[in-house]
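Before any comments, here is the structure.
Every number here is computed from the coordinates shown, using simple stated rules; none is lab data. Quick caveat, the model's predicted, so the values are computed rather than measured. Here the Cβ positions follow ideal geometry from the backbone for every residue, glycine too, while neighbour counts run over all protein chains shown.
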Amino acid sequence: MRTLVLLAIASVTIACAQSGSARDSECPRVAGDSVNVTAIDSLFADLAGDTTRNIKGVVVQRHGCRIAERYFNGDDSTSLHDIRSATKSITSALVLIALKQGLIRSVDQPISELLPDSMIAADKRITLRDVLTMRTGLDVDDEDSLSVGNEDRLDESQDWIAFSRTVPLKSAPNTKYVYSSFNAFLAGTAVQHISMLPLQTFAANHLFGPLGITRFEWRRGPKGEGVGQGNLSITTRDMAAIGELFLRSGRHGDQQLIDSALVKESLASHVAIGDVDPFADAYGYMWYTKRYDIAGKETVVHFASGNGGNKIYIVPARDLVVTITSSAYGRGYGQRRSEQILLRILAAIASPAP
C-alpha cells in the first residue's frame, strides 16, 4: 500500500461544473432549495483534522452540478483510488449494458449459459438474477473463513476459472442472501465471456468512455481474469459520474446507456438484509438501499459500498449524488464515518428536489 501523505486542500469548493464534463455551467435554481455552506465547510474542516489520515475525497453533486468538493491526505481531483467492493455495483452496470445490447437475454437466464463451458459444476438452476442478488446458494460466504469459495480462497488460487469448478452448492438457489465476491466475479466473467472482450475493455467502450472517464486502473486475475468483484481505481469525480447515470435512470446527455427499467430494477429492494448489515436495509442488483429519517421525513438512499468506506450515494428525493473515497481498508470505522458524512450533507441540504 502506498505511503499516505497528510495534505488537506484549504478551501471548500462550491462549483457548478457539469457532471462528466470540464465545461462550467449554471446550476439550476429550484424554489426553496438551500445549501448550508457553513455546515459543509464545518464538515470538511472536521475531515481535514481527522487524525486517521485516511479520508481521501468527497464530491457532492446536486441537479447534475458539482456543488461541493474537497480532497485530503495527498489526493486531488485527478487521483485514482481503489474503491474495492464498490466495484461490484459497476460490474452490475456492465451486466445491464450487456442486457440492453442483447448479449444476455434476461436476468433469469441460467448463469451456466453465460460462462465458459463447465465453469460451474454445482447447479444449472442458478440464474443471473441469483448472482446479482447474492443468492446463488454456492458455498461462497466471504464472512466464513471455512467457506470453500470465499474471497480469500479465490484470491489465493492461481487459476480462478479452474477454482470456480471446485465450489459446491450449499443451499438451494434463490433462497438465502450471502455476501460474496465470488458472485461478482461470476457476473464479470459472464460479461467478459459473452462479449468476447476483457472486462476492462468492455467497460471502457460501453460505460467509461461514454461518461468521459478516460483514466482508470483495474486489477486482473492471475491468468488475466476480469476482477468484477473489486480493485477498480477511479477518481472521486468519476464515481460521481456513475452515480449520476443511475440517478438519471441510465441516461447521460442524449445517450440512454442503460434501459431505465433495468436501472429501476437494479436499485429495487430485492432482498431484505437489515438483520445482517447495519448499514443497509435491502440489496438489489449489487446496489444497497437504506432509509433514513431526515428532519422527520423518510429519505431513501441507494449506494455502492467498498471496504474502508468507499461510497457512491444516490438520493433521488434530493436529486443528489455524494461520493466518498477512503483508504481505511479493514477498519470498521471507515463505513461509519462515510455514513456520518452522508448524514451531515443531507442535513445541510434543505428541501427535497421537485
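Packing here is the average count of other Cβ atoms within 10 Å per residue, and on that basis the peptides 331-341, 273-283, highest first, run 331-341, 273-283.
Mean-square fluctuations from a GNM of the chain, with a 10 angstrom spring cutoff on Cα atoms, peak among Ser85, Ser327, Ser171 at Ser171.
Take every pair of alpha-carbon atoms less than 8 Å apart whose residues are at least six positions apart; their mean separation over the length of segment 191-279 yields a relative contact order of 18 percent.
Residues Met286, Met134, arranged from fewest to most other Cβ atoms within 10 angstrom of their Cβ, appear as Met134, Met286.
The dipole here belongs to segment 45-130: it is taken about the Cα centre, uses +1 on the Cβ of Lys and Arg and -1 on the Cβ of Asp and Glu, and is about 240 debye. Only the Cβ atoms of Lys and Arg (+1) and of Asp and Glu (-1) were treated as charged; on that basis the dipole of segment 179-272 about its Cα centre amounts to roughly 180 debye.
Relative to the longest principal axis of the Cα atoms of the chain, the long axis of helix 236-247 lies at roughly 80 degrees.
So for each of 253-263, 311-321 I average, over its residues, the number of other beta carbons within 10 Å; can you give me the resulting order with the highest mean first?
Final packing ranking: 311-321, 253-263.
Quick one: angle between helix 37-48 and the longest Cα principal axis of the chain, in degrees between 0 and 90, rounded to 10, please. Tilt relative to the chain: about 60 degrees. Checking the cross-link pairs Lys124/Lys176; Lys264/Lys297; Lys124/Lys264; Lys176/Lys290; Lys88/Lys290; Lys170/Lys223 against a 24 Å limit on the alpha carbon distance flags Lys124/Lys264; Lys170/Lys223 as lying beyond it. Between the DSSP loop rule and a limit of at most 11 other Cβ atoms within 10 Å, which GluC sites (Glu not before Pro) in segment 115-203 are left? For GluC sites (Glu not before Pro) across segment 115-203 that sit outside H, G, I, E and B with at most 11 neighbouring Cβ atoms in 10 Å, the list reads Glu143.
Remark: relative contact order (the chain) = 21 percent; criterion is Cα-Cα distance under 8 angstrom and separation of 6 or more residues.
Please find, in a Gaussian network model of the chain (springs between Cα atoms separated by less than 10 Å), the residue of Ile324, Ile55, Ile294 whose mean-square fluctuation is greatest. Maximum among the listed residues: Ile294. The structure shown yields percent of Cα pairs over 36 Å apart, and of the options [x] 36; [y] 17; [z] 28 that calculated value carries the label [y].
Out of Asp117, Asp82, Asp141, any idea which swings most in a Gaussian network model of the chain, alpha carbons joined below 10 Å? Ranking Asp117, Asp82, Asp141 by mean-square fluctuation puts Asp117 first. Between 0 and 90 degrees, rounded to the nearest ten: what's the tilt of helix 181-195 against the longest Cα principal axis of the chain? The angle comes out near 80 degrees. Using Cβ point charges alone (K and R +1, D and E -1), the dipole size of the chain about the Cα centre works out to roughly 420 debye. Relative protection proxy for 177-189, 295-307, from highest mean packing down: 177-189, 295-307 (other beta-carbon atoms within 10 angstrom).
For segment 158-226, trypsin sites (Lys or Arg not before Pro) meeting the loop criterion (DSSP other than H, G, I, E, B) and having at most 14 other Cβ atoms within 10 Å: Arg165, Lys176, Arg215, Lys223. Dipole orientation for the chain: of the candidates Ile55, Asn307, Gly253, Gly253 has the Cα lying most toward the positive pole (charges on Cβ; Lys, Arg +1; Asp, Glu -1).
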